[in-house]
Structure formats: structure tokens, C-alpha cells
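**Q** Here you go, one structure.
Computed from the coordinates by the stated procedures, all read-outs in this text should not be read as laboratory data. In this text the structure is predicted, and so the values were computed from the model without any measurement. Note that each Cβ is placed from the backbone with ideal geometry, even for glycine, and that neighbours are counted across all protein chains shown.
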Amino acid sequence: MSGVAALLDRLVAQFEGPYDFLRELVQNALDAGSDRAEVALDVHPGESGDPDEVVFELRVADAGSGMDEAVVDGGLTRLFASTKADDRTMAGGFGIGFVSVFAWQPDAVVVQTGRAGEAWELTFYADRRFDKRPLAEPFEGTTVTLLRRGRGSERAQIAEAVRDSLWRWCRFCRLELSFEDVAGGEGPELIQDAPAPPGALAVVEAQADGAIHVAFAVPPAAVMLRRGLVLSQGTAADLLADLQPPPGPTLEHLQVWADSPNLRTTMARDKVVDDPGRAAVLGRIAQAIAGLRERLVERTAEAAAEPGPWTRARHDHYAYLHAHLARERGHLGAELAGRAVLRDLAGERALSLAQLQALARPLLWAPLAAGEGATKELLAAAAAANVPVLAADSGDLEWLGSLVEGTGLTIAELGRGCALVREAADEAERLRATVEAGLQAAGAPVRLRVGDGDAGEPPRGGVGVELGRGADGVLVLWTGQPVAAACWRAAPLWLDAGEPLLRAAVKSHAAEPRAACRGLALAIRAQLVDAPAPERVAEAIDAALAGAK
């Protein structure tokens with residue numbers, strides 16, 4: 001085998017699949033300026049008389065500029081040897097793509113083409129030799145016909161493979177592309193697709209020679225194209241991992257469609273070449289993503305501020321936006337903190353993270369059903385006390401938690417551990433005052449209140465954080481968890497009058513004030529994050545008792 005013949009075989013073998021030649025022929029139609037390409041599979045009887053022995057005819061026809069003899073000799077056939085001579089040479093970009101037809105292992109390939117009054121027919125054989133003859137009748141465009149012997153039972157499988165290859169590589173092409181399984185009898189099928197139309201979370205940057213589409217959506221995906229022909233496709237993480245600045249979690253919910261003449265592939269079309277052209281396209285994608293992030297913030301702020309009833313449809317759209325926003329929080333930084341992207345169900349308003357942080361207290365969230373049943377009263381109390389209640393469902397806690405991560409804010413469900421309380425009788429006042437004075441002297445500037453629950457059932461043994469005061473009482477969150485320093489320093493803490501430890505301390509206070517005050521103070525101290533050491537609290541209680549005598 002000659003060196004050129006061996007190279008020709010390697011060129012054939014490098015293509016990923018035996019039907020990738022369809023992509024090459026459609027590319028040739030685009031290059032020839034055709035506005036359409038027609039692909040057809042037909043079946044003809046074989047010569048042996050066996051009814052299942054057939055000849056498959058796979059035909060690709062375009063209406064492009066075609067080829068005259070100079071193009072045929074200078075491009076198409078330079079890799080091949082004429083039956084009259086053995087003069088293969090390595091030239092002709094058309095020829096390099098054309099050799100992919102032999103990956104299908106045809107018995108013969110017939111090319112009919114014409115230009116400017118010339119018309120030619122070439123027959124290529126399995127040994128890569130060819131015949132060339134002029135056609136008497138004019139011919140427009142180029143038709144490539146592959147012929148291969150096979151079994152009739154293979155037809156459906158071949159038709160499906162042709163269809164899959166066209167949809168995979170050519171569905172965005174800028175020409176009318178059709179496929180017809182003639183024996184199947186269903187008529188031509190249009191092979192045509194488009195990127196998802198622009199929506200709330202999409203940005204399109206169109207230019208004369210291409211376009212960039214980016215969108216926040218799942219599953220993540222990326223398609224790189226040239227003139228609508230797919231060059232590579234996969235997840236955003238696979239194709240765009242080297243975006244600058246580093247995209248991080250953005251790739252988890254990013255869809256990209258990039259079409260540019262600057263993109264080039266390897267000869268096997270299996271990879272986009274990493275060159276200045278690709279770098280320029282990545283730069284455009286990065287700019288489009290920056291614009292998309294701005295649009296995401298704008299749309300979320302609009303959804304949070306929209307007036308009117310908070311319906312299921314509105315909440316689903318709002319939660320959808322926030323799920324994407326949580327992934328982009330690291331890129332948006334301070335810009336996001338100051339934007340009113342959170343919906344307050346109690347106040348029927350939009351709030352920012354910065355506004356919530358300024359409250360220095362736990363946040364409440366409530367599902368749509370908060371306006372009904374037992375939590376309706378709490379929602380009304382929150383509104384009266386100017387306490388924000390964030391719109392959320394249990395399924396939203398992941399994005400809500402991600403959004404407030406690192407802000408020092410904690411979130412709790414309205415109606416779970418929440419209560420409207422009134423201050424308890426004076427019998428606990430002296431105990432409360434001594435414990436408060438002792439904790440403050442120890443370095444914990446707490447303000448203590450003792451209350452009876454009116455709505456909701458606080459967990460026994462917990463310390464409640466005051467959220468706000470209304471006409472019907474004080475809204476308290478009994479966390480059941482250690483209270484953050486920002487909360488216990490900024491808001492009054494409430495003790496449940498019905499809690500056994502407090503009741504026992506009140507009962508023993510008159511006879512054993514030191515034990516009662518120490519025990520209660522240390523129990524409260526255990527519920528506070530970053531509280532003074534127990535020894536310091538005990539000493540401060542003793543000093544407070546001594547000063548009260």
C-alpha cells in the first residue's frame with residue numbers, strides 16, 4: 001500500500017462514526033451556497049434473486065454552486081487515483097472531508113455535479129479509485145450517492161442511524177435540510193431545530209456571522225457551532241471549564257449555544273481547537289453570562305416586588321428564579337446584598353439581604369398556606385410588629401439557606417416554635433432581674449423577659465428570641481437551638497413561664513436564692529453562642545445577690 005493510500009485509510013478511520021460523512025456533505029452544501037440539502041435512503045433489489053438481498057442507496061443532494069472540471073481535478077479527486085493512472089496527491093479541502101463517505105463502507109460512490117454549463121459524473125470504488133466522465137445534460141448543484149449491498153432487514157436500522165446523525169450534527173444548519181426514508185413511506189422529515197427562544201433567564205447576542213445564546217436552565221449543556229453545524233456538544237462543565245473569570249457553580253445551571261466562524265475543529269471534527277478564535281468566543285460567552293446575571297437579579301427583584309395576591313403560580317416562578325440566584329450569589333456579592341430580591345409575606349413587600357441583616361434576629365419563612373388556619377394569626381401579628389416573613393416552601397429551603405449562608409442569619413418556619421406571648425406575673429420578676437444583672441455583669445448583655453404563650457407551643461427548656469411587638473402580644477421564636485450572639489445581643493430573650501426549670505427556680509428562690517439564680521443563669525448561658533465562661537457567670541450571680549442585699 002502506498003503512503004498516500006495508507007494516509008487515506010487513516011483519514012477514513014479517524015471519523016467518530018460511520019454516518020459522520022453526512023455532516024461533511026451538509027457542510028459542503030453550505031460552502032457551495034445551497035439553501036437546501038435533501039437526504040434520502042432507498043432500497044433496490046439485489047442481483048442474486050434472494051428477496052432479502054438488496055442494494056441500499058443513500059443520496060445527498062444540494063442546490064449549491066456545484067463543481068466544474070477544475071474544481072473536480074483540483075479538489076475532489078486529488079486524494080484518489082484515477083483508474084487510468086496512479087497519481088494520488090495530498091491537496092483539496094473538499095477531498096479531505098469527502099473521504100469520510102468511505103467510513104460507511106460503500107461498494108461505490110457516485111458524484112454528479114455541474115457548474116457554468118459543465119456537468120460531470122464521478123464513480124468512486126471501494127479501492128479508492130475513480131472514473132470521471134462528462135454528462136451530456138446540464139446538472140445543477142451536487143448529488144452524492146452511496147451504494148452498498150446489504151440485507152433488507154437492515155433498512156430500519158440504517159434509516160434511524162441516518163436520522164440520528166443528521167439531528168445530532170446538522171439540526172441548526174442554515175439551510176433547509178430534509179431526510180426521507182423512501183421505503184418507509186412516511187415522506188420527507190425536516191431536520192431543523194433552534195436554541196430555546198429568549199426568556200426571562202436568557203441573553204442573545206447576535207452578529208452577522210454568528211450568535212451567542214446563554215441561559216440559566218437545567219440540565220446544563222453547551223453546543224459549539226460554525227454556520228449552524230455542530231462542532232462539539234456536551235455539558236457546560238465539559239466544554240467551558242476554562243472560562244475566565246472562573247465560572248464555579250455557574251456551570252451547574254448554564255446552557256450555551258455559540259455559533260462563530262472563529263471556531264475550528266481537528267481534522268476528525270472530534271474537538272474544537274483551543275486557539276485565539278476559541279478564546280475570542282469564550283470572551284463573548286463570559287460577557288453574555290455577566291449580562292445574564294444582571295437580568296436574573298432584575299427579574300427576581302421584579303417578582304419579589306409584584307403587588308397582588310401571592311399565588312402558587314407566582315411563588316413557583318419566584319422560587320425558580322431564586323434557585324438560580326443562589327448559585328450565582330458568589331459572583332454577585334455586595335450587589336446582590338443590596339437588591340430587594342426577597343418577598344416578605346407579612347408586609348407584602350420586597351426586601352434585601354442587607355435589610356434583613358440589619359435586623360440581627362432570626363428570619364421566619366412561611367408557605368402559601370400561612371394565610372390559613374393556625375398560622376394566619378401569627379402572620380397577622382408579624383405584619384403588625386413589622387416582622388418580615390419570607391415567602392418559601394419546604395422545597396425552597398435549599399436555595400434560601402444558600403442565599404443567607406455567611407450572613408449570620410438563621411431561618412425558621414412560621415408556626416413552628418413561634419408564639420404570641422404576654423409578660424408573666426411578678427412572682428418571677430426578682431429572680432429574672434437578678435439573673436439578668438448577673439449575666440450582664442459577666443459580659444453577656446442580655447435582656448430577659450418571662451412570658452406565657454398565647455399561640456403555638458414553645459419547646460420546653462428553650463430560650464426564645466423576641467422578633468417584634470404587636471397589639472396582641474410579643475412575637476417570640478423559641479428556637480430550641482443555641483441562640484447566635486448577634487441575636488441575643490440585639491433582641492430581648494424570653495423564658496417560658498411554664499418551663500419546669502424556671503418554675504422550680506421561682507419556687508425555691510425565696511429559700512435558696514443563690515442556687516435558684518445560679519442554676520437558671522447557667523441554663524440560659526448554655527443556650528447562648530459565644531457566652532461567658534460558666535465560672536464567670538456564677539461569680540457574677542453571687543456578686544449580684546450580694547449587691548441586692
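**Q** Quick check: convex hull over the Cα atoms of the chain, volume per residue in Å³, rounded to an integer?
**A** Looking at the chain, the number lands at 221 Å³ per residue.
**Q** For every helix of n ≥ 4 consecutive DSSP H residues, a contribution of -39,500 (n - 2.57) applies; sum these over the chain, divide by its total residues, and give [θ] at 222 nm rounded to the nearest 500 deg cm²/dmol.
**A** The per-residue figure over the chain is -10500 deg cm²/dmol.
**Q** Continuing with this model, one more query. Would you mind checking the radius of gyration and Dmax of the stretch 418-548 based on alpha-carbon positions, in Å?
**A** For the stretch 418-548, the Cα radius of gyration and maximum Cα-Cα distance read 13.7, 40 Å.
**Q** Same structure again: Can you pull out the GluC sites (Glu not before Pro) in the stretch 173-247 that DSSP calls coil and that have at most 16 other Cβ atoms within 10 Å?
**A** Filter output for the stretch 173-247: Glu186.
**Q** Ok, one more. What angle do you read, to the nearest 10 degrees and between 0 and 90, between the alpha-carbon axis of helix 534-548 and the longest principal axis of the chain?
**A** 30
**Q** Name the residue from Gly480, Ala516, Val537 whose Cα lies farthest towards the positive end of the charge dipole of the stretch 418-548, charges +1 on Cβ of Lys and Arg and -1 on Cβ of Asp and Glu.
**A** Most positive-ward Cα: Val537.
**Q** Now for a different question. Distances over 15 Å make up what percent of all Cα-Cα pairs in the stretch 341-390?
**A** 40
**Q** Taking amide H positions as placed 1.01 Å from N in the peptide plane, with prolines and chain starts having none, which residues 5 or more places from Gly417, or on another chain, fall under 5 Å of its amide H?
**A** Glu457
**Q** If you put +1 on each Lys and Arg Cβ and -1 on each Asp and Glu Cβ, how big is the dipole of the stretch 202-295 around its Cα centre, in Debye rounded to 20?
**A** Approximately 180 debye in magnitude.
**Q** What is the spread of the Cα atoms of the stretch 202-295 along each of their three principal axes, largest first, in whole Å?
**A** On the principal axes, the stretch 202-295 reaches 37, 27, 21 Å in Cα extent.
**Q** In the chain, if the dipole is taken from +1 on Lys/Arg beta carbons and -1 on Asp/Glu beta carbons about the Cα centre, which of Pro138, Gly185, Ala546 is farthest to the positive end?
**A** Ala546
**Q** Nearest 10 degrees, 0 to 90: what angle lies between the long axis of helix 375-384 and the longest principal axis of the chain (Cα atoms)?
**A** Roughly 80 degrees between the two axes.
**Q** Sticking with this structure for a sec: Using the beta-carbon distance between Ala126 and Asp242 and R0 = 60 Å, what value does 1/(1 + (r/R0)^6) give for FRET efficiency, to the nearest 0.05?
**A** Rounded to the nearest 0.05, the efficiency is 0.90.
**Q** Once you charge only the Cβ atoms, +1 for Lys and Arg and -1 for Asp and Glu, what is the size of the charge dipole of the chain about its Cα centre, to the nearest 20 debye?
**A** 2380
**Q** Moving on to the next point. Pop a pseudo-label 7 angstrom from the Cα along the beta-carbon direction at both His44 and Glu69 and give the gap in nm to one decimal.
**A** Simple spin-label model gives 2.7 nm for this pair.
**Q** In nm, to one decimal, how far is the modelled label at Arg514 from the one at Asp472, with both set 7 Å along Cα→Cβ?
**A** Placing both labels 7 Å along Cα→Cβ, they lie 4.7 nm apart.
**Q** So how do Arg489, Arg148 line up by other beta-carbon neighbours within 10 Å, fewest first?
**A** Going from least to most buried by this count: Arg489, Arg148.
**Q** Suppose R0 equals 22 Å; then what is the FRET efficiency for Gln157 and Ser232 from their Cβ-Cβ distance, rounded to the nearest 0.05?
**A** Working from the Cβ atoms, E equals 0.25.
**Q** Give the angle, between 0 and 90 degrees and rounded to the nearest 10, that separates the Cα long axis of helix 276-305 from the longest principal axis of the Cα atoms of the chain.
**A** 40
**Q** So if each residue of separation counts as 0.36 nm, and I subtract the Cα-Cα distance between Asn262 and Asp316, what length gain in nm does that give?
**A** 15.4 nm
**Q** Next up: Name the residue farthest towards the positive end of the dipole of the chain from the options His317, Ala126, Thr77, assuming +1 on Cβ of Lys and Arg, -1 on Cβ of Asp and Glu, about the Cα centre.
**A** The listed residue farthest towards the positive side: His317.
**Q** Still on this model: Could you give the spread of the C-alpha atoms of the stretch 290-441 along their three principal axes, from largest to smallest, in whole angstroms?
**A** Largest to smallest, the principal-axis extents are 61, 38, 23 Å.
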